[in-house]
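Just so it is clear, none of the values below were taken in a lab; they were calculated from the coordinates. The structure presented is a predicted model; accordingly, all values stated were derived computationally and were not measured. Cβ sites come from the backbone with ideal geometry, for glycine too, and all protein chains shown count toward neighbours.
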Amino acid sequence: MPFKDKEKNREYQKKWAQKNRESQKQYFRKIRIKVIQFLGGKCVNCGCDDFEALELNHKNGGGAREQRELGSRTKQLYLDILSGRRKKEEFDLRCRVCNSLHYLTELKGIKDKWKIVYIK
């Protein structure tokens, strides 16, 4: 901690974050791209390969619970996947639409009511 005074330290951290916001966004985006490529680069259900639409899916559920318990630590989760601290088999890639479908069909048990088709 650069300052012993908590208020001065808080102000320093705030200025640092503002100054480095763009480089942090670029770093996060780079890590996200690596994870998406590592997990196959497209939705396992419909084949969507639009980077902005893809989401990391916990195959057995629990993603929301994990986020509540750990807070917003998505970057750390991505780093854990890339380093092997989290198993690749725990996750897959789904577009936002198919991720919602997975939640409804596999985790809530509402089956055989939807069909999703991705058109390029």
Helix-only mean residue ellipticity at 222 nm, the chain, DSSP H runs n ≥ 4 weighted -39,500 (n - 2.57), per residue, nearest 500. What is it? -15500 deg cm²/dmol
Provide the per-residue ³J(HN,Hα) series for segment 99-106, in order, calculated from phi with Karplus coefficients 6.51, -1.76, 1.60 and θ = phi - 60°, each as a whole number of Hz, with x at glycine and proline positions. 5, 5, 4, 4, 4, 6, 7, 7
Using alpha-carbon coordinates alone, the radius of gyration and Dmax of the chain in Å work out to 18.1, 60
Ranking ASP92, ASP80 by Cβ neighbours within 10 Å, fewest first, what do you get? ASP80, ASP92
Residues whose placed amide H lies under 5 Å from that of PHE91, excluding near-sequence neighbours: LYS59
What is the distance in Å between the Cα centres of segment 1-39 and segment 47-65? 24 Å
Non-local residues with an amide H under 5 Å from the amide H of TYR118, with H modelled 1.01 Å from N and Pro and chain starts lacking one, are none
Whole-Hz ³J(HN,Hα) from phi, Karplus 6.51 cos²θ - 1.76 cosθ + 1.60, for segment 81-92, glycine and proline x: 5, 5, 7, x, 5, 10, 6, 4, 5, 6, 10, 8
